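Let me begin by presenting the structure, written as structure tokens, before commenting on it.
The values are calculated or read from the model by the stated rules, or taken from the named source; none is laboratory data. Owing to the predicted nature of the structure, the values given are computational and were not obtained by experimental measurement. Heads up, the Cβs are rebuilt from the backbone with ideal geometry, glycines too, and the neighbour counts pull from every protein chain shown. Surface areas here come from the heavy atoms of the whole protein model, side chains and all, with no ligands, DNA or RNA. Shrake-Rupley method; radii C 1.70, N 1.55, O 1.52, S 1.80 Å.
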Amino acid sequence: MILNTAEHALSIFALGGVNEVGKNMYAVQYADDIVVIDCGSKFPDESLLGIDLIIPDITYLRENKDKIRALIVTHGHEDHIGGIPYFLKQLNVPIYATRLTLGLIEIKLKEHGLLRETQLTSIDSNSNIELGTIRLTFFKTNHSIPDCLGVAFHTPEGTVVHTGDFKFDLTPVNDQYPDIHKMADLGKNGVLALLSESTNAERPGFTPSEKLVGTHIEEAFNKADGKVFISTFASNVHRVQQVVDAAIKTNRKLALLGRSMVNVVSVAMELGYLNIPDEMLIDASEVHDLPAERVAILCTGSQGEPLAALSRLSNSKYRQVEIFPGDTVIFSSTPIPGNERNVARIIDNLFLLGAKVIYGSGTATGMHVSGHAYQEELKLMLTLMKPKYFIPIHGEYRMLYQHRLLAESVGVEKENIYVVQNGDVVDISHSNARQTRKIPAGNIFVDGLGIGDVGDIVLRDRKLLSEEGMLIIVITLSKSENKIVSGPDTISRGFVYARQSEELLNDVNEIVTKTINKLQKENVTQWKIMKQNVKESVGKFLYAQTKRRPMIVPIIIEV
Ligand SMILES: [Zn+2]
Ligand SMILES: [Zn+2]
């Protein structure tokens, strides 16, 4: 029997999100139908100078755009929705997500002027969607943002389940109970492949319930005698609700500081995810009209973001609101790796202002719980789904690795676990999986309005400029007489301070003149060669004199 396996096989791949935290994007393809799951972004580290955002490379999807049936978005976090505007500019694909997720996506589409031409369809955990040969069903999960979905892709080859980000919270805020029975049903009917998130695969035990944080917040509000400032992710709507509840119980009015806090809270209120009595909210300008013990302030900046409200408050640079000695500041968060230094600086400044600061790992202060499943919950998901094949996703390599071990420990066959790279394709045909193909995947940099125009070469230049500075050498040549008529003039930026280095720069000019004269005697007139020679001779001289290697930019003007 000859079967065209290539054409009808089921394929699963990640375009972002494995071996990294951020820019999640996965796809399930059966025959000519592709369904994309999530389109996130990632923030650059310090080595990516000037880059605003990193998004997935979607070359494969662009090349197969006629096959893409939909973009399904599991929830509204940046690492799942941040890339959507850039994706839509290249591929106009219908988007399916829950109401809150759509509300957050809409904010982005508005900013990019894409709202009108985008087809947005609201779904919930009971939706049932046919997209070509793939039928989709959903189940509710708990996470640090409401309205999260896991997705089941029912294909002729079998069922693929993508968990989205999740934890199991049995006492969730706002009665958002997880659909454990549905998950078990999927497992009972047979799951061919499971893609499950790995963020906390290194942490033993269970995550505490979000409800626990509420009691700690209320306690702190009760103890505080001055104003209370509390900082968390705006999108953590359940946390925001618990802050609101604590404020009501302790007879405090609430002010919201920070653009994303105001945006997200108004979307969540409008859609009914947040319950804030009208008279509760006050404007920032009203904070100092009320007695300090009657005020709570919810602000952005828990990760130490330099431009966010909390950072400005800690520098006394927030226009309408001040922190006074005796005020309390609560970090309802845990710093994400890489943000510790910025957070620490803010804490120092807050103490200098005389504030009482509650900070540190959220687990230690009780002011934060993770939204991602710990080891026992990951095992529970694996046990409910009982997948034949398992692909750990959403995490750095060590997290995927630990998740693999967890899967083995609950009975998934070792050879049926695929720890993939972005771009690796797992093909499943007649229940047999293999991973032999690769499609393009990588980082696309967004810088200002440019998408993908800044690559390794530009970044290398930026790094060199930032570390060594530059030296521009302007030489004016006469075409007819073939000699220097003015200059060389040297301009230093970030290399040496010109006024204190006159001698050095004069020496450079001399070297340039000598180099050009020598070349002209040899009848070399191509600019490219002249520039190369100038770069080499000046570079050598400067390194010998200063042990620095600035970028040297010769400019030749012909008159
Ligand atoms: Zn998330
Ligand atoms: Zn995520």
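Listed values, structure above:
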| quantity | calculated |
| --- | --- |
| Eligible lysines near residue 483 by straight Cα distance, threshold 16 Å, same-chain separation 8 or greater | 514, 518, 521, 531 |
| Inter-centroid distance (Cα atoms) of the range 206-228 relative to the range 109-155, Å | 33 Å |
| Ellipsoid equivalent to the range 304-407 - semi-axes via the Cα gyration tensor, in Å | 40, 14, 10 |
| Computed over the range 503-559, Kirkwood Rh from alpha-carbon pairs, angstrom | 11.8 Å |
| Residue-wise HN-Hα coupling along the range 23-37, computed from phi with Karplus coefficients 6.51, -1.76, 1.60 (Hz; x: Gly, Pro) | 6, 5, 7, 10, 8, 10, 10, 10, 6, 9, 10, 10, 10, 9, 10 |
| Long-range HN-HN contacts of residue 444 with modeled amide H, under 5 Å | 55, 57 |
| Helix axis angle, 375-385 relative to the chain longest principal axis, alpha carbon, degrees | 60 degrees |
| Overall form of the range 351-466 per C-alpha gyration tensor (a/c, 1.5; a/b vs b/c) | oblate |
| Residue-wise HN-Hα coupling along the range 537-554, computed from phi with Karplus coefficients 6.51, -1.76, 1.60 (Hz; x: Gly, Pro) | 5, 5, x, 4, 4, 5, 5, 5, 7, 10, 6, 10, 10, x, 6, 10, 10, x |
| 14 Å beta-carbon shell around residue 301, net charge (K/R +1, D/E -1) | +3 |
| Estimated FRET transfer efficiency (residue 285, residue 175; beta-carbon r; R0 45 Å; 0.05) | 0.80 |
| Acute angle (nearest 10 degrees) that the helix 237-249 long axis makes with the longest principal axis of the chain, alpha-carbon atoms | 70 degrees |
| Nearest-ten-degree value, helix 180-189 long axis tilted from longest Cα axis of the chain | 90 degrees |
| Extension reserve of the residue 225-residue 122 stretch, reckoned as 0.36 nm per residue once the Cα distance is removed | 32.6 nm |
| 222 nm mean residue ellipticity, helices alone, for the chain (DSSP H n ≥ 4; -39,500 (n - 2.57); rounded to 500) | -10000 deg cm²/dmol |
| Burial ranking of peptide ranges 483-494, 78-89 (average Cβ count within 10 Å, highest at the top) | 78-89, 483-494 |
| Inter-label distance for residue 47 and residue 107, nm, one decimal - labels placed 7 Å from Cα along Cα-to-Cβ | 3.1 nm |
| Ranked packing of 277-289, 246-258, 133-145, most packed first, by mean Cβ within 10 Å | 133-145, 246-258, 277-289 |
| Relative contact order for the chain, counting Cα pairs under 8 Å that sit 6 or more residues apart, in percent | 15 percent |
| Separation of alpha-carbon centers, the range 234-308 and the range 20-43, rounded to whole Å | 33 Å |
| 399, 470, reordered so the largest accessible area comes first (probe 1.4 Å) | 470, 399 |
| Solvent accessible area, Å² - residue 107, 1.4 Å probe, full protein context | 40 Å² |
| Radius of gyration and maximum dimension Dmax of the chain, Cα, Å | 28.8, 89 |
| Whole-Hz ³J(HN,Hα) from phi, Karplus 6.51 cos²θ - 1.76 cosθ + 1.60, for the range 203-215, glycine and proline x | 9, x, x, 10, 6, x, 6, 4, 4, 4, 4, x, 5 |
| The range 11-168, accessible area per residue, ligands and nucleic acids excluded (1.4 Å, Å²) | 32 Å² |
| Order by protection proxy (mean Cβ within 10 Å, highest first), peptides 115-126, 377-388 | 377-388, 115-126 |
| Carbon and sulfur %, accessible surface of the range 149-198 computed with the full protein complex present, 1.4 Å | 52 percent |
